[in-house]
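Notes follow the structure.
The values are calculated or read from the model by the stated rules, or taken from the named source; none is laboratory data. Only a predicted model underlies this, so the values are computations on that prediction, with no experimental measurement involved. Because the Cβ atoms are built from the backbone with ideal geometry, glycine has one as well, and the counts that use them run over all protein chains shown. Side chains are part of the model used for accessible areas, which takes the heavy atoms of the whole protein and leaves out ligands, DNA and RNA. Shrake-Rupley method; radii C 1.70, N 1.55, O 1.52, S 1.80 Å.
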Amino acid sequence: MKTHSTGSVSTKNEAGVSRSSVAIGLILSILALSWAAIFVRWTGEVPSLVIAFYRMLWCSLLVAAVVLWQGSLSATLKALNGRSWLITIAAGFFLALHFACWIGALQYTSVAGALVLYSIHPVLTLLLAPLVLREHAGRLAYVAVSITLIGVCLIAFTTSSEGENGVLGNILGVGSALFMAFYLLVARKMRGEIALSSYLLLVYSSASILLLLMSLSVGHELINYPADSHMFMLLLALVPTGIGHSLLNWASRHIAAYKVNISSLGETVIASVLAYFIFTEVPGFWFYPGAFIILIGIVLAMREGQ
């Protein structure tokens, strides 16, 4: 299926959702996601797997309340076949592994550094979308991705990744990008098979179960942490995940997956700015032109096909 059009320009997609609504949803998503790195830092010495587990646990309970209120879970579960179950649970595993890697990367490098490495996922999505979704992007999409990568590389000059911890942080950052690309591709693929709220409940629940098993397997304490740490893990679930990731999933149902991925790179810019004001992590000179170039790439990606 082609993602670019050759006919007249329409302000709505096939589901009747306007481009402006999707754009607003993406902006709110990026603003919410940008607080994730800040909340993770404020949790203190809590292991990354435990942070990721609580993030998914609280989100699962939040979405479960919404689904129960809607009364749509029973009908949705009956409509799912074996393939749909397998794909949905796989999405939960990809999300769990993404969070485990990304939160781990934040504990070994700067906020900007972790986000820069995570920012390669639009390239992965653009390359995988034709194979997984049969979505073929136009030339402008490849130009947009190339431009955003230039911006990402410029910001990378401002980050430090020396020593063994820096290497481990780099590996975890790349892993988080790979799993995020898989996760959003699955979200796009399942858009016509299951209601969004029910899909999120199954994904978040399977992710929390996997993260619980991973935490227990390495002997992590699950409860004995300061009250402030538990509060920030709850906020991590409510804001970046409950609002941010849920809106990303919604947007993935209405526009091409690579557009959602490129738009999410705005998190790199906003989170780095927040880290400057909150943690005094001062970006280098190249951060500013890099951030500007990333924003240009996002605008070009959203215009492709219109």
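Sort 226-234, 274-282 by the packing proxy (mean of other Cβ within 10 Å over each peptide's residues), most packed first. Please list the in-between numbers first.
Numbers: 226-234: 15.2, 274-282: 13.7.
Ranked by mean Cβ neighbours within 10 Å, highest first: 226-234, 274-282.
Taking the Cα atoms of the range 15-64, what is the range of coordinates along each of the three principal axes, in descending order and whole Å?
Dimensions of the range 15-64 along the principal axes of its Cα atoms: 45, 25, 13 Å.
How far is the Cα center of the range 18-95 from the Cα center of the range 188-233, in Å?
A separation of 8 Å, based on Cα centres.
Please report the accessible area of SER272 (heavy atoms, 1.4 Å probe, ligands and nucleic acids excluded) in Å², nearest 10.
Ignoring ligands and nucleic acids, SER272 comes out at about 10 Å².
In vacuo Debye scattering of the range 45-109, one point per C-alpha: log10 I(q)/I(0) at q = 0.14, 0.21, 0.27, 0.29 Å⁻¹?
These q points yield log10 I(q)/I(0) values of -0.56, -0.94, -1.12, -1.17.
Just the Kirkwood number for the range 163-306, please: inverse of mean 1/r across all distinct Cα pairs, in Å, one decimal.
The Cα-based Kirkwood calculation yields 17.9 Å.
Order 144-151, 94-101, 34-41, 119-126 from most to least packed using the mean count of other Cβ atoms within 10 Å. Don't skip to the answer; put the middle values down first.
Numbers: 144-151: 21.2, 94-101: 26.0, 34-41: 22.9, 119-126: 24.5.
Final packing ranking: 94-101, 119-126, 34-41, 144-151.
Order 18-31, 47-60 from most to least packed using the mean count of other Cβ atoms within 10 Å. Write down the numbers at each step before the final one.
On the way: 18-31: 16.9, 47-60: 25.1.
Packing proxy ranking, top to bottom: 47-60, 18-31.
In sequence order, what are the phi-derived ³J(HN,Hα) couplings for the range 26-43 according to the Karplus relation 6.51 cos²θ - 1.76 cosθ + 1.60 with θ = phi - 60°, rounded to whole Hz, with x for glycine and proline?
With coefficients 6.51, -1.76 and 1.60, one gets 5, 4, 4, 4, 5, 4, 5, 4, 5, 7, 4, 4, 5, 4, 4, 4, 6, 6 Hz.
Report in % the part of the accessible area of the range 186-264 that belongs to carbon and sulfur, leaving out ligands and nucleic acids; probe 1.4 Å. The partial results should precede the final answer.
Details: 1910 of 2780 Å².
For the range 186-264, the apolar C and S fraction of the accessible surface comes to 69 percent.
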